[in-house]
1. Once the piece of chain linking Lys241 and Arg81 is laid out straight, how much longer is it, given 0.36 nm per residue of separation minus the C-alpha distance between them?
2. Enter the accessible area per residue of the stretch 280-332 (Å², integer; probe 1.4 Å; all protein chains in place).
3. Considering only Gly93, Gly119, Gly253, give the residue with the highest GNM mean-square fluctuation for the chain, with springs between Cα atoms whenever their separation is below 10 Å.
4. What percentage of the solvent-accessible surface of the stretch 155-221, computed with a 1.4 Å probe over protein heavy atoms, is contributed by carbon and sulfur atoms?
5. In Å², what does the accessible area per residue of the stretch 119-187 work out to with a 1.4 Å probe?
6. Rounded to the nearest angstrom and ordered from largest down, what semi-axes does the equivalent ellipsoid of the chain get from its C-alpha gyration tensor (root of 5λ)?
7. Looking at this model, which pairs from Lys55/Lys216; Lys55/Lys241; Lys202/Lys328; Lys116/Lys202 are more than 26 angstrom apart at the alpha-carbon?
8. Measure out, as a whole number of angstrom, how far apart the alpha-carbon centroids of the stretch 17-33 and the stretch 141-206 sit.
Amino acid sequence: MSQENQRIPAGAQEIVFDHVVKTYPGATSPAVDDLSLTVPAGEICVLLGPSGSGKTTALMMVNRLAEPTGGDIRIGDRSIRDLDPIQLRRSIGYVIQQAGLFPHLTIAANIATVPKVLGWDKKRVNDRVAEMLDLVGLPLAEFGSRYPAQLSGGQRQRVGIARALAADPPVMLMDEPFGALDPITREHVQDEFLALHERIRKTVIFVSHDIDEAVKMGDRVAIFREGGKLAQYDTPQTLLKEPCDDFVARFVGADRGLRRLSLMRLADLEPSAGTAVSDAVGELPGLPADASLRSALSLMVAEGTDAVRVTGEDHTVLGTVTLDAIRKAGAA
Ligand code: ADP
């Protein structure tokens, strides 16, 4: 096979798990059992499930940190079996909890690691480090020469993402990347990553055990059950609306109706949906059009109203959304 065929092609690539099995040596049952799913190019797929259900094993088989014992994984049109494991790992961004930075290297040197291994010239490496640090909002002049211990947890995680992206990999693997962050920092870094992903559109596989994180981050979510079996693979909306069995229903939570509302924006409804209450609009509590239906519902309960005023740019009033309209959207 030519050298070219031993690399993942550039650009975001589809990832296919094709009847993948992993049984660890000495184990009596598989850690991952007959996993088949396709992650479309450029999407974020979250692997979600209880501890020990095989999520990390599934993730690590993509870059051959764990070797499948059955089936195949394809990235683009290449089977990972045909790719050299070292080459493969260099062309896949990998982000782990606590960022996994080298503590004795500066931030700039951490980000430069893979480009240097790939033999990029010095100027190209330096330019790329500056570009990556800009991308994650940590200017080179201020942060480049610091060491990981001199950053906050959230900043370290951003550097972990910058490092994973440095060689412009078509695929990113993220193993509970934000698990060690406090809830507020975690929300920020999640939002930043989603905004970044809008621009870079890599194919991402992301392990989580947190349903809220999965619903927020995933274009699709794969729910695993004990024994490494795939229970359901769907968009967050469908998982929350139509869990395929009791296990999935329990896993997505009794408040799955509210979780669905958190995925819908006031702007998705007609601004004056439901019965307009125009004479009293000024007295209704207001929310911006990009607020979620869940926030609107919460505000109505807190304020004892049955509608909210929806505001656009410059606080212009776009109309109202009523409790009834939210109920209908939730049931649709
Ligand atoms: P999760 O990420 O969902 O918590 P893992 O993929 O880490 O699950 O583990 C799935 C199963 O495989 C567990 O039973 C775990 O004990 C086992 N396992 C994980 N890694 C190894 C290993 N290196 N050697 C043997 N068994 C392992």
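The values are calculated or read from the model by the stated rules, or taken from the named source; none is laboratory data. Given the structure is predicted, the values throughout are model-derived calculations rather than measurements. With ideal geometry, Cβ positions are generated from the backbone for all residues, glycine too; neighbour counts draw on all protein chains shown. Ligands, DNA and RNA are stripped out before the accessible areas are found, and what is left, the full protein with its side chains, is counted by its heavy atoms. Shrake-Rupley method; radii C 1.70, N 1.55, O 1.52, S 1.80 Å.
1. Details: separation 160, 0.36 × 160 = 57.60 nm, distance 3.75 nm.
53.9 nm is the gain from fully extending Lys241 to Arg81.
2. On the way: 2850 Å² over 53 residues.
Here the residues of the stretch 280-332 average 54 Å² of exposed surface.
3. Of Gly93, Gly119, Gly253, the most mobile in the Gaussian network model is Gly119.
4. On the way: 1030 of 2340 Å².
Exposed carbon and sulfur together represent 44 percent of the surface.
5. 45
6. 39, 27, 17
7. Among Lys55/Lys216; Lys55/Lys241; Lys202/Lys328; Lys116/Lys202, the Cα-Cα distance tops 26 Å for Lys202/Lys328.
8. If we compute the Cα centre of each part, the gap is 30 Å.
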